[in-house]
1. Output yes when any residue across the stretch 190-211 is touching a residue at least 60 places away in the same chain (Cβ under 8 Å), surrounded by 15 or more Cβ atoms within 10 Å (Cβ to Cβ) and of a type outside the set (A, V, I, L, M), and no when none is.
2. Under the condition of being hydrophobic (A, V, I, L, M, F, W, C) and out of contact with any Pro (no Cβ under 7 Å at 6 or more places or on another chain), which residue from the stretch 104-121 is most open to solvent (accessible area, probe 1.4 Å)?
3. Looking only at the stretch 117-144, how many residues end up being in contact with a His (Cβ under 9 Å, 6 or more places away or on another chain), without any contact (Cβ under 8 Å) to a residue 60 or more places away in the chain and not basic (K, R)?
4. Take the residues in the stretch 129-140 that are among the hydrophobic types (A, V, I, L, M, F, W, C) and within 15 Å of the chain's Cα centre (by Cα), then tell me which one is surrounded by the most Cβ atoms within 10 Å (Cβ to Cβ).
5. Give the residues of the stretch 212-261 that are assigned to a loop (DSSP other than H, G, I, E, B) and either open to solvent by 70 Å² or more (accessible area, probe 1.4 Å) or touching a Ser or Thr at 6+ places or on another chain (Cβ under 7 Å) (or both), sorted by residue number.
6. Limited to the stretch 8-52, what total is found for residues that are out of contact with any Cys (no Cβ under 7 Å at 6 or more places or on another chain) and either aliphatic (A, V, I, L, M) or in a strand (DSSP E or B) (or both)?
7. If a residue must be within 25 Å of D239 (Cβ to Cβ) and surrounded by fewer than 22 Cβ atoms within 10 Å (Cβ to Cβ), how many such residues does the stretch 157-168 contain?
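The values are calculated or read from the model by the stated rules, or taken from the named source; none is laboratory data. Quantities reported herein were computed from a predicted structural model and do not represent experimental measurements. Heads up, the Cβs are rebuilt from the backbone with ideal geometry, glycines too, and the neighbour counts pull from every protein chain shown. These area figures cover heavy atoms from the full protein model, side chains too; ligands, DNA and RNA do not enter into them. Shrake-Rupley method; radii C 1.70, N 1.55, O 1.52, S 1.80 Å.
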Amino acid sequence: MVFGQVVIGPPGSGKTTYCNGMSQFLQLIGRKVTVINLDPANDALPYECAINIEDLIKLSDVMAEHSLGPNGGLVYCMDYLERNIDWLESKLKPLLKDHYLLFDFPGQVELFFLHESAKRVIMKLIKKLNLRLTAVHLVDAHLCSDPGKYVSALLLSLSTMLHLELPHVNVLSKIDLIENYGKLAFNLDFYTDVQDLSYLQHHLDQDPRSARYRKLTKELCEVIEDYGLVNFTTLDIQDKESVGNLVKLIDKSNGYIFAGMDASAIEFSKIAVGPVDWDYYRVAAVQEKYMKDDEDIDEDKSDHK
């Protein structure tokens with residue numbers, strides 16, 4: 001069983017920076033991690049990747065050969081990757097024994113809530129290679145300073161969650177820069193917990209640009225609240241504590257915290273319903289405790305006999 005993350009999000013949300021920082025953090029805590037670049041437009045990588053889609057296909061070549069723009073070119077590249085999934089599988093197989101995987105995907109949002117090719121690539125990998133992946137959806141935190149953009153980010157997050165059908169973590173990235181874009185109308189937890197969106201209506205009504213879309217915005221907010229699926233965690237990729245808290249949340253969503261545990265069903269259930277900051281470094285201690293308890297029980301039975 002192999003664990004990893006599917007890193008997605010709009011352009012500029014910090015996916016490549018995230019993959020670079022996350023890989024460094026995971027190495028620091030003792031994981032053998034590798035990054036797989038599946039963005040054919042990303043030709044300036046700050047990290048070393050074990051697999052690069054540009055060895056298979058390049059966006060610039062596709063645009064020149066087929067007279068496509070960037071969006072059409074990316075769709076073509078994902079379709080091409082799906083048709084040549086054997087290439088990716090053969091590259092991944094040597095890494096499956098002991099690596100944690102980070103997949104750096106393109107920033108074209110349509111690929112993850114509209115088109116099927118990227119989803120089919122992910123599902124084929126999960127099925128054939130027995131992967132346990134969590135989708136990490138990055139959204140730039142500065143969108144919180146604009147109510148209209150924030151509602152758009154919520155709708156995008158919800159659509160992506162429903163489309164991909166993966167364990168999913170929504171992240172407000174660059175949270176350390178959020179104050180640079182102006183004062184927030186509400187406390188940060190309003191935006192992370194996605195509380196009563198009707199409070200946003202007053203601020204939306206004050207924006208002349210959105211006046212003609214008031215009814216539409218109201219209906220969209222109701223859709224988001226009716227599903228009740230969207231919330232966010234925050235991330236400052238330069239802050240180890242912030243990254244560590246996110247790693248714990250991801251590990252809980254894809255089951256990494258249970259890997260290698262030999263405990264009772266009761267202990268598993270305690271972890272599953274517990275707080276997201278559960279200290280999974282205590283796994284070894286839990287195992288040792290249960291082994292010791294079993295030995296004590298055996299000794300008691302022997303003495304009784």
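1. yes
2. Of everything passing the filter in the stretch 104-121, L114 is most open to solvent (accessible area, probe 1.4 Å).
3. Final tally of qualifying residues: 0.
4. V136
5. L229, V230, N231, F232, L235, D236, I237, Q238
6. 15
7. 2
One line per residue, one yes/no per condition, for (1) within 16 Å of the chain's Cα centre (by Cα); (2) modelled with pLDDT under 95:
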{"position": "F3", "(1), (2)": "yes, no"}
{"position": "V6", "(1), (2)": "yes, no"}
{"position": "T16", "(1), (2)": "yes, yes"}
{"position": "C19", "(1), (2)": "yes, no"}
{"position": "L38", "(1), (2)": "yes, no"}
{"position": "P46", "(1), (2)": "no, yes"}
{"position": "C49", "(1), (2)": "no, yes"}
{"position": "A64", "(1), (2)": "no, no"}
{"position": "C77", "(1), (2)": "no, no"}
